[in-house]
1. What does the charge dipole of the chain about its Cα centre add up to, to the nearest 20 debye, if the Cβ of each Lys and Arg holds +1 and the Cβ of each Asp and Glu holds -1?
2. Any idea which of Val130, Asn343, Met187 is furthest toward the positive side of the dipole for the chain, if Lys and Arg beta-carbons carry +1 and Asp and Glu beta-carbons -1?
3. Divide, for the stretch 163-291, the radius of gyration over alpha carbons by 2.2 N^0.38 Å, where N is the residue count.
4. Which of rounded, prolate, oblate describes the stretch 4-208, given a ≥ b ≥ c as roots of the alpha-carbon gyration tensor eigenvalues and a/c under 1.5 marking rounded, otherwise prolate only if a/b is larger than b/c?
5. With only alpha-carbon atoms counted, please give the Rg and Dmax of the chain, in Å.
6. In debye to the nearest 20, how big a dipole does the stretch 1-98 give about its Cα centre with +1 on each Lys and Arg Cβ and -1 on each Asp and Glu Cβ?
7. Which listed residue (Asn15, Leu145, Pro199) has the Cα farthest towards the positive end of the charge dipole for the stretch 4-208, taking +1 on Lys and Arg C-beta and -1 on Asp and Glu C-beta about the Cα centre?
8. Using only alpha carbon pairs under 8 Å that are at least six residues apart, calculate the relative contact order of the stretch 4-208 and give it in whole percent.
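Bear in mind that the values in this text are calculations on the coordinates, not laboratory data. In this text, all values refer to a predicted model and were calculated from it rather than measured experimentally. All Cβ positions, glycine included, derive from the backbone under ideal geometry; neighbour counts span all protein chains shown.
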Amino acid sequence: MTPLNNVLIEWYQNNKRDLSIRKTHNPYKIWLSEVILQQTRMDQGIPYYDRFVKAFPNVKSLALADEKEVLRLWQGLGYYSRARNLHKTAKIISNDFDGVFPETSKELVLLPGVGPYTAAAIASFSYREVVAVVDGNVLRLMARLYAIEDDIRAVKTQNRIRELASQYIDKSRPDLYNHAIMDFGSMVCTPKPDCEQCPLNTRCLSFLNGLQEQIPFKSPSKKQRHRYFTYLIFKNHDTLAMKQRSTSDIWANLYDFYLLESDCLDEMHTIEDPALDEIEVKNVQQSTDYKHVLSHQIIHARFILIETAHLVKIPNLTYYSEEEILNLPKPVLIDNFLTDYFNTSTQNDNFKES
């Protein structure tokens with residue numbers, strides 16, 4: 001029987017996707033692409049990758065950037081800890097390694113935000129280290145080949161699969177093999193596979209035992225928590241007051257408005273802030289309700305626009321013009337609201353007199 005690595009590489013050479021992110025052995029660009037594509041679809045991630053490379057052509061330029069600029073460029077990808085770790089690692093590589101990435105996965109995995117998968121990808125694709133690159137597609141493929149019925153979310157299961165995948169690496173072409181097995185999992189051994197057409201079906205224990213629909217097994221994900229946000233937006237002339245979020249909650253270091261959180265959106269709020277006691281209000285408008293879904297949270301939000309007669313100075317709030325706001329890094333929820341707000345044709349549809 002033809003060795004598995006040869007089957008995969010032959011399939012890959014005939015079926016590989018023409019992706020810009022594969023046309024480089026530069027460890028900086030490979031690292032950047034792998035971090036962006038974590039938790040992100042390929043078609044969504046590649047435009048972000050292209051924008052990052054254009055803005056920061058090398059690791060030193062990324063290290064010198066302001067975090068606000070990095071977060072703004074990342075806006076819309078979610079999981080913002082990835083962007084913050086990206087910036088931290090760029091500084092470490094630039095300052096401690098003189099801009100040169102370590103060559104082994106064991107060294108790379110010690111960097112912020114670089115897990116076993118990303119470390120293996122950089123080492124394999126840049127330096128041709130003989131190490132298995134195991135993403136979700138490889139986990140699914142190997143679990144089916146060996147009919148592994150254990151929870152694929154479990155670290156123990158993933159470590160077992162990583163060991164199995166390592167047995168098949170083509171030692172003379174580890175980078176080619178890793179690209180091949182990931183593409184095969186993505187394009188052939190999909191969540192709903194066409195096993196009759198699969199070139200590995202004669203050696204796949206799941207297919208031979210009719211288990212391909214049950215494997216891999218994933219334990220239920222964490223139940224999503226519902227949160228209810230009422231934002232107070234203080235407007236003075238053509239400026240809006242915004243603040244930078246703390247690092248202890250979602251959207252760390254991104255910008256939003258004065259926030260009140262409660263158990264539901266209909267709840268009346270008691271505002272205990274002396275800075276708001278003497279406000280002279282000219283006009284108040286309330287938005288329609290917004291909903292934003294995160295991996296473990298669902299945010300329900302309402303925006304109250306408060307136009308004041310005088311500038312209201314509130315701790316941690318700064319007034320910004322429209323142009324300045326557009327350049328601030330913001331959660332998608334806030335960006336969606338502001339898009340509606342600044343679009344005069346839809347503004348009346350999203351606000352009602354309060």
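1. The calculated dipole for the chain is roughly 1420 debye.
2. Val130
3. 1.95
4. Numbers: a/c = 1.94, a/b = 1.83, b/c = 1.06.
Prolate, because a/c is 1.5 or more and a/b exceeds b/c.
5. Taking only Cα atoms of the chain, I get Rg and Dmax of 24.7, 82 Å.
6. Charge dipole, the stretch 1-98, about its Cα centre: 180 debye, nearest 20.
7. Asn15
8. Relative contact order here is 22 percent.
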